[in-house]
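Written out below as structure tokens is the structure these notes cover.
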Amino acid sequence: MTAVLDLPISELAARVARGEVTAEALTAESLSRIDAARPLNAFLHVAHASALEAARAIDVRRARGEALGPLAGVPIAVKDALCTHDQPTTCASKILVRAEGGAPASSPEGGWRPPYDATVVARLRAADAVLVGKANMDELAMGSSNENSAFGPVRNPWD
């Protein structure tokens with residue numbers, strides 16, 4: 001199963017559409033890879049429960065013969081600069097973190113939860129992509145190296 005995530009996005013979506021792999025299996029494998037790579041600090045938030053729920057809903061729709069979007073079942077991460085109504089948005093800055101739901105004020109898990117999705121996020125959801133989490137980035141998108149996040153730098157897996 002691990003090799004399937006190395007395929008192009010178009011092939012992943014085609015395999016889900018044909019029923020050769022389930023969206024849930026792709027999502028579970030993606031989440032497993034994310035969890036295994038936690039020391040790299042690439043993610044500020046991982047949406048385990050909501051991602052698996054979205055994947056299961058896609059599988060149910062496919063089983064019913066309903067039309068699927070062009071990215072059906074494909075696990076996608078978005079930078080933390082993009083607003084998501086169901087995941088915290090911090091832009092990798094502690095200025096957008098507040099202590100909510102038991103998360104410490106210094107944690108991205110306590111980030112602002114806007115009541116809307118950014119347009120690109122809404123389009124990804126409409127295409128049936130599965131949002132697995134929010135990727136780390138330079139604070140407030142002020143840079144390009146991922147070394148200046150308020151929550152620590154992203155580490156290079158090859159270094």
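The values are calculated or read from the model by the stated rules, or taken from the named source; none is laboratory data. Just so you know, these numbers come straight off a predicted model, no measurement behind them. Neighbour counts are summed over all protein chains in view; Cβ atoms, including those assigned to glycine, are modelled from backbone coordinates with ideal geometry. Heads up: the accessible areas ignore ligands, DNA and RNA and are worked out on the full protein's heavy atoms, side chains in. Shrake-Rupley method; radii C 1.70, N 1.55, O 1.52, S 1.80 Å.
Summary of computed values
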item	result
Fraction of accessible area attributable to carbon and sulfur, the chain (%, probe 1.4 Å)	56
Read-out log10 I(q)/I(0) by the Debye sum over Cα atoms at q = 0.09, 0.16 Å⁻¹, derived from the coordinates shown; its label in [x] -0.58, -0.98; [y] -0.27, -0.83; [z] -0.30, -0.90	[z]
Contour minus Cα-Cα distance for V120 and E147 (0.36 nm per residue)	7.2 nm
Crossing angle, helix 9-18 versus the chain [Cα axis fit, 0-90 degrees, rounded to tens]	40
Crossing angle, helix 23-36 versus the chain [Cα axis fit, 0-90 degrees, rounded to tens]	30
Distance in nm between pseudo-label sites at A127 and I95 (7 Å out along the Cβ direction from Cα)	3.1
Where chymotrypsin sites (Phe, Trp or Tyr not before Pro) in DSSP loops with at most 16 other Cβ within 10 Å are excluded, longest remaining stretch of the chain	1-115
Radius 10 Å from Cβ of P153, net charge of other residues (Lys, Arg +1; Asp, Glu -1)	-1
Packing rank of 61-68, 21-28, where each peptide gets the mean count of other beta carbons within 10 Å, highest leading	21-28, 61-68
Average Cα contact separation per residue, the chain, under 8 Å, 6 or more apart, as relative contact order %	27
Loop trypsin sites (Lys or Arg not before Pro), region 1-58 (other Cβ atoms within 10 Å of the site Cβ: 15 or fewer; DSSP)	none
Dipole of the chain [Lys/Arg +1, Asp/Glu -1 at C-beta], most positive-end residue of A150, L31, A63	A63
Inter-site label distance for V60 and D86 at 7 Å from Cα along Cβ, in nm	1.2
